[in-house]
Amino acid sequence: VLVLVLVLLGLLLFTSSSQITLDSKAKGLLRLQEQVARNEFQLLSTAASSSSASLRSKPSQPRLKGGNICIVGNAETVKHAERVHAMWGGEFPSFWYVWDDVDSPLNNGIVDQGAFNRTIHVVGRARKANSLPFSEGILKGIQYIKRNPSSYSACQYIFTHDDDLHFELEKSWQEKLKNSNIPFLGEDPLRDVKVGSVDNRRKVGQRVANVLVSILNEYRPAIASFPWMVGIEKYEHMNDIFGAYRDFAVAPLTGFDNGMVIYHKDVVDFFIPFAPRGEGGLKGEWTLGAHFLHMFVPGIFAEYATLITAISYKNTINLDNIDQRVAKVTKVGHLRYHEGVRHPYEYMLNEKYIALLRQGLNDIHHKTGKDIPLLHAKPPQKRQRDDDDDDNDKDENNNKNNK
């Protein structure tokens with residue numbers, strides 16, 4: 001009996017010692033993972049901040065033109081791509097991954113190496129069953145631009161764009177530009193055009209494009225987007241910020257929709273391919289990429305992250321437009337397919353993903369994205385100007401007067 005008791009006691013001590021060792025290793029591994037995540041975020045933050053600061057280090061940058069803003073988008077058909085291209089008055093070169101149309105020809109664009117500006121480029125096609133997800137379609141467009149030296153040189157901003165968006169100017173856009181002291185570049189394309197004419201519809205798009213170019217030229221943000229009204233109505237802090245800047249053309253960018261984001265080309269590689277890039281099986285094909293942008297963009301870029309309030313958009317095919325009480329939902333793996341919406345959502349991974357991302361913050365309780373209060377939101381800053389800019393303005397005005 002004594003021998004048996006001693007044996008059992010030894011086993012108990014060995015098991016306890018092993019458990020302590022295993023617990024210690026687990027805690028050590030967790031601390032190591034947290035430190036790695038924190039280090040990776042700090043590296044990203046430092047590199048991105050350095051890039052955004054470099055945007056302001058050359059005050060006499062050339063004035064932006066329509067050809068410097070390049071749309072990179074996903075379209076269901078060629079017709080959808082052409083609609084978006086025309087919506088901006090044909091002012092911006094556009095590059096499209098077409099995910100459910102392999103046959104239709106381009107009517108208004110070209111795919112060759114000819115005149116770059118005001119052209120539509122199809123960078124890939126597929127049928128829906130074999131198509132790439134949104135994130136990979138966007139990446140394909142950017143890779144296409146990078147392979148073409150002339151296009152990469154021209155594209156100062158990459159404007160990611162889905163095909164179900166409709167953009168228009170706010171009614172008070174002129175007053176907003178005036179209050180923000182933003183000069184309208186060029187002449188108003190609608191000044192001498194008859195209302196209702198075909199030319200009028202094209203000129204409406206050109207006017208919206210000119211306003212966007214005017215704002216980007218004056219502020220030169222690292223990243224910009226447009227008012228996400230669903231979030232503004234839903235989240236208190238976003239509503240506070242939007243209300244405080246309602247009379248101005250720009251505001252701090254906190255929460256936003258990742259379907260229409262404008263990236264300066266110096267920072268686009270930090271975010272596309274959309275993070276995460278496969279760690280832990282999280283691919284970031286749909287909603288996860290949006291959470292990454294929400295959490296880190298406002299904190300990293302601060303006053304260089306700009307919300308453009310002079311232009312609004314409507315999302316015509318969106319989960320927010322569907323009655324959730326009657327919508328049919330199909331689950332496949334970690335994705336949920338909602339009836340009436342063209343893309344799946346990764347909602348079953350959202351909380352785990354956000355918890356993972358928070359391990360990269362120095363302060364895991366730090367407010368991010370839509371939770372940033374008005375008091376902590378950094379007002380957008382304009383780019384620096386010098387005498388060269390003034391000379392450019394004078395030359396342009398003289399050319400107008402001579403004409």
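Annotation: Y144 carries an accessible surface of approximately 40 Å², with a 1.4 Å probe and no ligand, DNA or RNA atoms counted.
Charges at C-beta only: +1 for Lys and Arg, -1 for Asp and Glu. How large is the resulting dipole of the stretch 187-266 about its Cα centre, in Debye rounded to 20? Mind dumping the intermediate values first?
Values: 10 positive and 11 negative charges, 78 e Å.
My answer is approximately 380 debye.
Between S104 and K328, the contour length at 0.36 nm per residue exceeds the Cα-Cα span by 77.5 nm.
Could you give the accessible area per residue of the stretch 142-187, probe 1.4 Å, as a whole number in Å²? Kindly include the intermediate steps, with their values, before the conclusion.
Numbers: 2280 Å² over 46 residues.
Averaged over the residues of the stretch 142-187, the accessible area is 50 Å².
Given the pairs K128/K328; K65/K140; K65/K234, which are separated by over 28 angstrom at their Cα positions?
K65/K234
Using the Cβ-Cβ distance between K128 and K382 with R0 = 60 Å, the FRET efficiency computed as 1/(1 + (r/R0)^6) comes to roughly 0.85.
For the full complex of protein chains and a 1.4 angstrom probe, list S172, S153 by accessible area with the highest value first.
Working: S172 55, S153 80 Å².
If we order S172, S153 from most to least accessible, we get S153, S172.
Accessible surface for R246 stands near 140 Å², nearest 10, in the context of the full protein assembly shown (1.4 Å probe). Rolling a 1.4 Å probe across all protein chains gives E76 an accessible area of roughly 50 Å².
Apply 1/(1 + (r/R0)^6) to the Cβ-Cβ distance of E168 and K234, taking R0 = 25 Å, and write down the FRET efficiency to the nearest 0.05.
On the way: r = 22 Å, r/R0 = 0.89.
The value I calculate is 0.65.
The values are calculated or read from the model by the stated rules, or taken from the named source; none is laboratory data. Model, not experiment: these values are computed from the prediction. Don't worry about glycine lacking a Cβ; one is built from the backbone with ideal geometry, like all the others, and counts go over all protein chains shown. Remember, those area values only see protein heavy atoms, side chains included, never the ligands or the DNA or RNA. Shrake-Rupley method; radii C 1.70, N 1.55, O 1.52, S 1.80 Å.
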